[in-house]
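Data first, discussion second: the structure below is written as structure tokens.
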Amino acid sequence: MTSDTVWDLTQQPNRLVVLGGGTIGCELGQAFTRLGSTVTVVEALDRLLSNEDPDAARLVTDELTRDGATVLTGTPVTAVEGTDSVLGGGQRIAADRVLVALGRRPDTRDLGLETVGVDTDERGFVTVDEHLHTTNPRIWAAGDVRGTRSSPTSPGCTAPLPRPTRCSASAGPRRSPRCGG
Ligand SMILES: Cc1cc2nc3c(=O)[nH]c(=O)nc-3n(C[C@H](O)[C@H](O)[C@H](O)COP(=O)(O)OP(=O)(O)OC[C@H]3O[C@@H](n4cnc5c(N)ncnc54)[C@H](O)[C@@H]3O)c2cc1C
């Protein structure tokens with residue numbers, strides 16, 4: 001199952017393995033735990049929510065554990081065979097269902113972005129700077145398609161959401177067309 005198909009379940013799984021401890025894995029892992037499933041969340045990195053603040057990740061880990069989920073970090077999954085998950089050390093976890101909450105990537109491959117000078121990274125995320133400019137100065141990218149990877153103008157930094165544009169009531173007719181309401 002993925003976060004697209006999980007909603008079609010008509011029976012609650014007794015044992016659920018969630019592959020990936022990102023936001024979606026944690027959110028759905030917690031929901032199924034609280035519904036009464038025996039949940040194991042498996043994360044390859046050494047903590048859950050690696051894109052978030054470590055303190056927030058610790059809180060979520062503690063809460064999941066308190067709810068009764070098993071959280072395995074630093075544990076890459078090497079294969080899924082049927083509904084068994086095979087872990088790095090060869091250990092297997094049997095489950096009734098496996099929820100794959102990892103590996104999503106944008107479907108930008110066949111859009112011809114290279115023909116207009118819009119760069120993507122090796123996973124297909126559109127490269128943007130801190131103002132969401134792509135590498136074509138006339139094209140911007142927003143939303144999940146830009147990922148949170150390094151910006152070309154700020155190596156090592158992630159591209160944050162832009163600060164909201166201030167709308168001033170006295171700005172007159174020349175105020176930014178991006179200001180709504
Ligand atoms: C299970 C789940 C729970 C989530 N919960 C939260 C939450 O609580 N809070 C939160 O902030 N975020 C949450 N998110 C994340 C949030 O849904 C995304 O960050 C958000 O939807 C991104 O918006 P988007 O417009 O970039 O992409 P999308 O919402 O994916 O929209 C992209 C659209 O473009 C269309 N499209 C794709 N390719 C093409 C093409 N070639 N031509 C034309 N159209 C195309 C797609 O069909 C889609 O309609 C959740 C995501 C999931 C999966």
**Request:** Examine the range 138-153 for a residue that is in contact (Cβ under 8 Å) with a residue 24 or more places away in the chain, in a loop (DSSP other than H, G, I, E, B), within 12 Å of the ligand (Cβ to nearest atom) and among the hydrophobic types (A, V, I, L, M, F, W, C), and state whether such a residue exists.
**Result:** no
**Asked** So which residues in the range 40-52 are modelled with pLDDT of 95 or more and within 16 Å of the ligand (Cβ to nearest atom)?
**Response** Val41, Leu48, Leu49
**Item:** Positions within the range 1-39 being away from the ligand (no atom under 12 Å from the Cβ) and of a type in the set (D, E, K, R), in sequence order
**Value:** Asp8, Arg15, Arg34
**Request:** Search the range 108-120 for residues being farther than 10 Å from Thr135 by Cα and either assigned by TED's automatic domain parsing to the domain that holds Gly22 or of a type in the set (Val, Ile, Thr) (or both), and hand back the single one that is surrounded by the most Cβ atoms within 10 Å (Cβ to Cβ).
**Result:** Thr108
**Item:** Single condition Ala94 does not satisfy, out of (1) of a type in the set (A, V, I, L, M, F, W, C); (2) surrounded by 14 or more Cβ atoms within 10 Å (Cβ to Cβ); (3) more than 16 Å from the ligand (Cβ to nearest atom)
**Value:** (2)
**Message:** Residue under question is Thr61, and the condition is that it be at pLDDT below 95, surrounded by 14 or more Cβ atoms within 10 Å (Cβ to Cβ) and away from the ligand (no atom under 16 Å from the Cβ); does it hold?
**Reply:** no
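The values are calculated or read from the model by the stated rules, or taken from the named source; none is laboratory data. Just so we're clear, the structure is a prediction, and the values are computed from it rather than from any experiment. Here the Cβ is made from the backbone with ideal geometry for all residues, glycine too, and neighbour counts use every protein chain on show.
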